[in-house]
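Asker: My questions all concern the structure below.
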Amino acid sequence: MMTADDEKKSFVPPASDGLTPGTASKKRASSIFRSARQSFFRSGGKRGASADKLRGTKGADFEATGRIQRTSEGIGCGCFGNSMNNSDVLVLVKGPFVFVFASNDSSSPQYAISLSQLQAKANDAAQSRHPVSLETSLGDVQYIVSFEEADIAAKFARVVKEQSALADRAEIKKKLGHDHLVSKRASVKFAEQVANEKVKSAPTKPDVVMDQTDMNYAAGVTTM
């Protein structure tokens with residue numbers, strides 16, 4: 001038989017609004033993200049989506065200081081047409097998106113990258129950095145993200161692979177009409193709403209500038 005002392009130990013006090021602590025916590029989180037979402041959209045995406053907000057209570061899936069390059073070619077091609085960024089940025093992965101912040105103190109990401117249908121490929125170190133390319137299933141390199149340490153680059157590649165796979169499975173469920181079966185935390189839902197706007201700010205893929213030999217080859221002209 002349960003004693004009075006046992007009842008006191010097992011008793012969970014209700015929240016002030018009559019909800020259990022867990023439910024109250026979720027309600028507070030929803031309120032926080034609702035306020036942040038309103039700030040984000042009212043400002044045209046300039047505030048309300050800081051790295052701290054996107055981390056939520058569970059943290060980011062990955063975050064580290066790195067450098068990112070929007071490219072038309074592969075690693076170390078040495079050609080023109082690449083959008084280089086030699087400045088350090090905060091690379092944060094939350095759910096199926098990569099968010100790029102100018103710094104940890106930024107009030108909103110510069111842009112976002114959808115990981116749906118992208119693959120991560122770790123590459124050999126170059127110029128004391130460890131690059132990871134984000135590629136399509138056909139091997140077209142979209143971005144190159146590099147880090148100073150090999151283990152961080154490896155972790156980024158692993159997380160991208162995991163989140164890309166989850167995104168692809170979620171897309172299949174959506175096409176089958178089963179998207180209601182996909183359960184998402186409030187922070188992930190908020191991150192997706194921010195990302196759906198910020199992918200529009202991602203740099204466009206640069207054109208490849210060909211030299212005369214490339215132009216002749218493309219035109220079918222042979223030279224002796």
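Values in this text are rule-based calculations from the coordinates and carry no lab data. The shown structure was predicted, so the numbers you read here are calculated from the model rather than taken from an experiment. For neighbour counting, all protein chains shown are included, and Cβ atoms are generated from backbone atoms with ideal geometry for every residue, glycine included.
Asker: My understanding is that a pair violates if its Cα-Cα distance is over 24 Å; which of Lys184/Lys205; Lys161/Lys189; Lys46/Lys121; Lys94/Lys174; Lys53/Lys200 do that in this structure?
Answerer: Exceeds cut-off: Lys184/Lys205; Lys46/Lys121.
Asker: Something else now. I'd like the Karplus ³J(HN,Hα) series for the stretch 143-160: coefficients 6.51, -1.76, 1.60, θ = phi - 60°, whole numbers in Hz, and an x wherever there's a Gly or Pro.
Answerer: For the stretch 143-160, the Karplus curve yields 9, 10, 10, 10, 9, 6, 10, 5, 5, 5, 4, 5, 5, 4, 4, 5, 5, 4 Hz.
Asker: If R₀ is 35 angstrom, what is the calculated FRET efficiency for the pair Ser87 and Ser43, using the beta carbon separation as r and rounding to 0.05?
Answerer: Step by step, r from the Cβ atoms, then E = 0.90.
Asker: Working out 0.36 nm times the residue gap between Gln117 and Leu166, then minus their Cα-Cα distance, what length gain in nm do you get to one decimal?
Answerer: My answer for the length gained is 16.6 nm.
Asker: Hey, rough spin-label estimate for Ala125 and Asp52, points 7 angstrom out along Cα→Cβ, what's it come to in nanometres?
Answerer: Those two pseudo-labels are separated by 3.5 nm.
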